[in-house]
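Let me begin by presenting the structure, written as structure tokens, before commenting on it.
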Amino acid sequence: MSTTRTDFRDPDALESGGVLETRLINIGRERFAGDIWGRTALLTRGASDFSDLFSAQAVDELVSRRGLRTPFLRVAKGGTTFPDSSFTSPAGVGATISDQLDDTALWRKFADGATLVLQALHRTWEPVSDFSSRLSTELGHPVQANAYITPPQNRGFDDHYDVHDVFVLQIGGTKRWIIHEPVHPDPLRDQPWTDRRSAVAEAAKGEAYIDTVLEPGDVLYLPRGWLHAAQAQGEVSIHLTLGIHSWTRYALAEQLAQAALAALCDDPEMRRTLPLGVDGPIGEVDVVRKRLAAALAEADTSSLFHRTRRGQGRPAPLGPLAQLAAVDGLDPNSVVRLRDALEARLEGSRLTTRVGWLDFPEAELPSVTRLLDGEIHAAGDLGVELVERLLRAGVLVPVEQ
């Protein structure tokens, strides 16, 4: 059986004309990838009209009508984050869960100068979810989305750096951003700015790399580690922050080490007990080092890497009623396509996705390979029985005609 691997939407390739190039930057994707990505800050004036993604009306709806719970919102003022209990409460009969957002408490804090941080909008607001999913596919790195709503002349957070790259999209109002170069370039996930609080505070006193006011439509890109602080100007400021959780060489090293250690579990010599009465592992370290090096050289991390990547995101939403109707009404003329953001990968006869894995007989592999192109297909062209199986598995979704 062939072991050829087929990936849906190669994450290593940026799509020409995607949301990165058409809505976030104006220098072209090749220059961005070669000169900016992960290296330096970039300010893009008038990049796009973002009113289709988010708005003041969206803020009010999410806070007051969606029944959101923590941690979908944080509240901060002057560098201090308020405890969840200060802006949450039960929501009455039938919804007595105690950590739902209390819109009255939030209004009072906002009126007193607090910043509202709507977190994980890639899970709660469809336009942002779709945009984030497309950007993640183009970049090949997971994307999260938060919104920051700051009253006039206020700031929510002191100078700090993030452990992920960000695109800041100014939605409404204006906000002054002061950017400084890193004190710790390319921090890892477990190297937060609070570990270098004094160095950050000292660097923030120096000359700014960028000191500017963002207006609606402007975009600011910051690699992880770049220091920043922002303050709303004469009106309420709303901006989206798209956090890019970049894969790193260190992350690949972790994957490689895990694969090597898994292989060493099957090595009888590595499972052997150390000698009795030794005053330390004399001679044993060299033996282990050699076998570990050999295991590292032979380790295949591709499957482990993709499994980890799949676990860092979610597939596109799936409507159970629409899915059932598609199964019940399935015929050769029904049209379907691969579910978005599935991270589908064909390895030999096995299809692995974010919703599980499926094995196929060799006769069905050409059809499975065809559907991985993400295009629309008729059930009769793929095989009605195969399409039904994949609809039931949540791998394919119906296309309205």
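Annotations for the structure displayed:
- Test: residue in region 219-235 that is closer than 20 Å to Val117 by Cα, in a strand (DSSP E or B) and open to solvent by 40 Å² or more (accessible area, probe 1.4 Å): yes
- Matching residues, region 65-92, being open to solvent by 60 Å² or more (accessible area, probe 1.4 Å) and in contact (Cβ under 8 Å) with a residue 24 or more places away in the chain: Arg66, Arg69, Pro71, Phe72, Arg74, Lys77, Phe82
- Residue count, region 236-266 (criterion: open to solvent by less than 30 Å² (accessible area, probe 1.4 Å), over 30 Å from Leu118 (Cα atoms) and either touching a Phe, Trp or Tyr at 6+ places or on another chain (Cβ under 6 Å) or outside any helix (DSSP H, G or I) (or both)): 1
- The conditions of being of a type in the set (Gly, Ala, Ser) and either closer than 30 Å to Leu261 by Cα or within 30 Å of the chain's Cα centre (by Cα) (or both) are met by Gly311.
- Every residue from region 82-108 that is touching a Leu at 6+ places or on another chain (Cβ under 8 Å) and under 19 Å from Gly156 (Cβ atoms): Phe87, Thr88, Leu101, Leu106
- Near pairs, Cβ below 8 angstrom, 6+ apart or cross-chain, from region 323-348 (assigned to a helix (DSSP H, G or I)) to any residue that is exposed (fewer than 15 other Cβ atoms within 10 Å of the Cβ) and basic (Lys, Arg): Val327/Arg392
- Selection within region 100-130 - touching a strand residue (DSSP E or B) at 6+ places or on another chain (Cβ under 8 Å), among the acidic types (Asp, Glu) and surrounded by 17 or more Cβ atoms within 10 Å (Cβ to Cβ): Asp102
- Residue within region 171-182 that is of a type in the set (S, T, N, Q), touching a residue at least 40 places away in the same chain (Cβ under 8 Å) and either crowded, with 21+ Cβ neighbours inside 10 Å or more than 22 Å from Val59 (Cβ to Cβ) (or both) present: no
- Residue selected from region 242-281 under the condition modelled with pLDDT under 90 and β-branched (Val, Ile, Thr), by the criterion farthest from His141 (Cα to Cα): Val278
- Counting only residues that are open to solvent by 50 Å² or more (accessible area, probe 1.4 Å), part of a loop (DSSP other than H, G, I, E, B) and more than 25 Å from Glu400 (Cβ to Cβ), region 349-388 holds 1 of them.
- Within region 152-170, the residues that satisfy the criterion of being open to solvent by less than 10 Å² (accessible area, probe 1.4 Å) and in contact with a helix residue (DSSP H, G or I) (Cβ under 6 Å, 6 or more places away or on another chain) are Tyr161, Phe167.
The values are calculated or read from the model by the stated rules, or taken from the named source; none is laboratory data. Just so it is clear, the model here is predicted, and its values are computed rather than measured. Quick reminder, even Gly has a Cβ in these numbers, built from the backbone with ideal geometry, and neighbours come from all protein chains shown. Heavy atoms of the whole protein, side chains included, go into the accessibility calculation; ligands, DNA and RNA do not. Shrake-Rupley method; radii C 1.70, N 1.55, O 1.52, S 1.80 Å.
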